[in-house]
Amino acid sequence: MKEEFDLDKPQKPMPYQVPPGFFEGITHATLKEAKRREAATATPKSAFPWQIWAMAASVAVLLAVGYFLWADAPTTRQPIAKAGGQHAPVARHEAKPVLAPPVTPKAQKKIESKPEAAMAQEKASNREPRLATRKLEAGPEESLDNLLASLSDEEVAELAAIAASETYVYEESLQ
Amino acid sequence: MNEATDEQILFLFQNPGTKDKGFTLLMDRYNRRIYWHIRRLVVAHEDAQDLLQETFINVYKHLHTFNGDSKLYTWLYRVATNECLRLFKERKRFLGSFEEISEKLVDTLHENSTLESDQVLVRLQEAILRLPEKQRLVFTLRYYDELPYEEISKILDSSVSSLKTNYHLASSKVKAFMIKEA
């Protein structure tokens with residue numbers, strides 16, 4: 001015949017004492033502790049608290065900013081270094097044609113007294129943009145000598161006349 | 001409060017709305033049996049209280065995995081026994097050997113016994129505490145809890161024939177001790 005476990009069978013005596021009311025209170029205390037632990041494991045603390053994530057994000061932002069600054073640096077500095085070495089204009093396309101300044105009363109008197117100069121002034125006013133444009137189109141490597149060599153005799157004479165009448169216009173033309 | 005059957009308790013426990021009620025019924029039904037099983041192994045009430053709580057907290061956490069292969073009380077005894085063995089393992093690291101642990105338990109037994117305590121019962125407990133671990137487990141489960149060998153084999157993961165041999169050896173040693181100390 002198979003043995004059966006009888007839960008309600010009186011147990012053999014033991015030489016130990018149990019505090020009064022122990023079995024009545026242990027159930028409630030155990031249930032409370034079990035629920036507390038269940039709640040604690042349901043929302044486990046992250047291995048990386050928010051401070052760690054914030055620090056990691058800051059480092060990532062700094063690295064990204066540093067990368068873009070470093071990546072941009074050669075593209076802006078290199079042309080300046082090259083241009084500086086060759087004494088080239090910074091931006092040719094930004095230069096505007098230099099026009100002859102309006103005739104001042106003093107220059108008007110000179111023109112009236114010297115008709116040739118007035119004619120040269122008038123021509124210079126008409127031709128100045130072309131000269132200036134040619135100068136600007138010359139490129140950074142073209143020197144003053146090359147510029148003068150490229151001018152015709154007539155243009156050189158005009159320039160001389162301008163230089164005699166208006167130093168400012170002459171200097172502007174050569175710059 | 002022991003009217004509820006194991007099936008009713010499990011049904012209540014598996015329903016989230018009645019889980020706490022099912023757990024309360026389970027503890028009310030089994031806490032005395034499990035407490036005394038633990039107390040016989042660890043002797044001190046404080047240790048037994050802690051291990052009883054740990055046992056039922058584990059039950060609360062894992063009862064949903066109980067598949068009914070064994071009886072519910074067998075499963076409870078198994079959880080409680082494992083908790084006791086875990087405590088012995090921890091103490092073995094400090095005390096060095098199982099014999100040291102046995103001596104410590106015997107000391108605790110004499111500290112806990114009073115003048116009113118039956119000295120025959122105290123000597124019987126001392127005899128059991130001086131048994132090797134496996135024999136002590138088998139003897140207490142068989143002699144005090146009167147569990148069938150088939151259930152003890154599920155609790156201790158051991159064959160029935162091995163359990164019977166261990167129980168026989170343990171009984172012989174206990175009798176010899178009692179005669180010697182009489």
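The values are calculated or read from the model by the stated rules, or taken from the named source; none is laboratory data. None of these values were measured; they are calculated from a predicted model. Cβ placement follows ideal geometry from the backbone for every residue including glycine, while neighbour counts extend to all protein chains displayed. Surface areas here come from the heavy atoms of the whole protein model, side chains and all, with no ligands, DNA or RNA. Shrake-Rupley method; radii C 1.70, N 1.55, O 1.52, S 1.80 Å.
Kindly evaluate B:ILE9 against the criterion of being under 29 Å from B:PRO132 (Cα atoms), of a type in the set (Val, Ile, Thr) and either touching a strand residue (DSSP E or B) at 6+ places or on another chain (Cβ under 6 Å) or open to solvent by less than 40 Å² (accessible area, probe 1.4 Å) (or both). Criteria not met by B:ILE9. The residues on offer are B:ILE34, B:ILE38, B:ILE57, and the sole one that is touching a Phe, Trp or Tyr at 6+ places or on another chain (Cβ under 9 Å), surrounded by 16 or more Cβ atoms within 10 Å (Cβ to Cβ) and either outside any helix (DSSP H, G or I) or modelled with pLDDT of 90 or more (or both) is B:ILE34. The requirement of being open to solvent by 90 Å² or more (accessible area, probe 1.4 Å), at pLDDT below 80 and not assigned by TED's automatic domain parsing to the domain that holds A:LEU144 is not satisfied by A:PRO74.
Here is a yes/no grid of residues against (1) basic (Lys, Arg); (2) over 27 Å from B:GLY68 (Cα atoms):
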| position | (1), (2) |
| --- | --- |
| B:LEU95 | no, yes |
| B:ASP107 | no, yes |
| B:SER113 | no, yes |
| B:VAL120 | no, yes |
| B:GLU126 | no, yes |
| B:LEU131 | no, yes |
| B:PHE139 | no, no |
| B:ARG142 | yes, no |
| B:LEU147 | no, no |
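Only a single criterion out of (1) at pLDDT 90 or above; (2) away from chain B (no Cβ under 12 Å) is not satisfied by A:THR43, namely (1). Would you confirm, using the coordinates I've provided, whether B:ILE152 is without any contact (Cβ under 8 Å) to a residue 40 or more places away in the chain, hydrophobic (A, V, I, L, M, F, W, C) and more than 10 Å from chain A (Cβ to nearest Cβ)? Judged against the criteria, B:ILE152 is a match. Are any residues in segment B:138-164 surrounded by 14 or more Cβ atoms within 10 Å (Cβ to Cβ) and among the β-branched types (Val, Ile, Thr), and if so, which ones? Once the filter is applied, which keeps residues that are surrounded by 14 or more Cβ atoms within 10 Å (Cβ to Cβ) and among the β-branched types (Val, Ile, Thr), segment B:138-164 yields B:VAL138, B:THR140, B:ILE152, B:ILE155.
Of all residues being among the hydrophobic types (A, V, I, L, M, F, W, C) and open to solvent by 50 Å² or more (accessible area, probe 1.4 Å) in segment B:95-137, which is nearest to the other protein chains (Cβ to nearest Cβ)? Just the residue, please. Here the residue is B:VAL120.
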